[in-house]
Amino acid sequence: MMGETATNNYNTKQIISILSTVCDPEIPVLTIEDLGIIREINTSGSKPIITITPTYSGCPAMTMIEMEMRTALLSANILDFEIKTSLSPPWTTDWISVEGLQKLLDYGIAPPEKTQTSKLALFSEYAKVACPQCGSENTEMVSLFGSTACKAFYKCLDCKEPFDAFKCL
């Protein structure tokens, strides 16, 4: 805005507050904070450095997410910052917040289980996922890929409703 000067005197809480408005373009009920892709915010230097980790390498939403992050920071008059991407450690569904898991369920997407170590998928067998509509575990996978690569497509054999299930990583 005209007459205002930009400053780099922002703390981590302020930057998280600004970035908590940025939603995942593929699942708009989730923020990037809910997803846990913000790994670190360093405000000790001359400019804030925000480190993010994509949900999986090659995720097409990351370009849009980074653009939305830049827009949010610039709108808050933070003009000098850096956004870095780190692939190590790799993102895991364990980083989704409790609030994020509930938002998925409320939106009609079965949230991932915490720390799933099952290797059934290697043998074309898949764990039962509770239906987000009726709660039944009498479900079956229709397709390994749902509306996005990070979700599988299921159907409930009781209420007959189709639904996406967030894959455990």
Quick one, which of (i) 28, 19, 16; (ii) 36, 16, 12; (iii) 129, 18, 7 is the actual semi-axes √(5λ) of the Cα gyration tensor in Å calculated for this model?
-> (ii)
Once the Cα atoms of helix 98-107 and of the chain are each reduced to a long axis, what angle between those two axes, in degrees from 0 to 90 to the nearest 10, is obtained?
-> 60 degrees
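Of Ile37, Ile52, Ile83, how do they rank once you tally other Cβ atoms within 10 Å and put the fewest first?
Starting with the residue having the fewest Cβ neighbours, the order is Ile83, Ile52, Ile37.
Given a cut-off of 29 Å, name the pairs among Lys84/Lys128; Lys103/Lys160; Lys47/Lys103; Lys13/Lys151; Lys103/Lys155; Lys13/Lys84 whose C-alpha atoms lie farther apart than that in the structure shown.
Lys84/Lys128; Lys47/Lys103; Lys13/Lys151
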Principal-axis tilt of helix 61-75 within the chain, Cα atoms, nearest 10 degrees | 30 degrees
Set Lys and Arg Cβ to +1 and Asp and Glu Cβ to -1, take the dipole of the chain about its Cα centre, and tell me which of Val29, Cys150, Thr139 lies farthest positive.
-> Cys150
Leu87 paired with Ser57, simple spin-label distance in nm, labels 7 Å along Cα-to-beta-carbon | 0.2 nm
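Please report Glu99, Glu113 as a ranked list, fewest other C-beta atoms within 10 angstrom at the top and most at the bottom. Walk me through the numbers before you get to the answer.
Values: Glu99 12, Glu113 17.
Result, fewest neighbours first: Glu99, Glu113.
How high is the relative contact order of the range 1-109, given as a whole-number percent (alpha carbon pairs under 8 Å, six or more residues apart)?
Numbers: 145 pairs, mean separation 35.7, N = 109.
It rounds to 33 percent for the range 1-109.
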Counting sequence-distant residues (5 or more places) and residues on other chains, those with an amide H built under 5 Å from that of Ile52 are Arg39, Lys84, Thr85, Ser86
For a paramagnetic label modelled at 7 Å from the Cα of Thr12 toward its Cβ, which residues of the range 31-53 fall within the zone defined by backbone nitrogen distances under 15 Å?
-> 37-45, 48-52
Collect residues whose amide H, placed 1.01 Å from N in the peptide plane, falls under 5 Å from the amide H of Lys151; neighbours closer than 5 in sequence don't count.
-> Gly146, Lys167
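Since every read-out is calculated from the coordinates, none of them should be taken as a lab result. Being a predicted model, the structure only gives us computed values, none of them experimental. In this analysis, Cβ positions are derived from the backbone assuming ideal geometry, glycine residues included, and neighbour counts consider all displayed protein chains.
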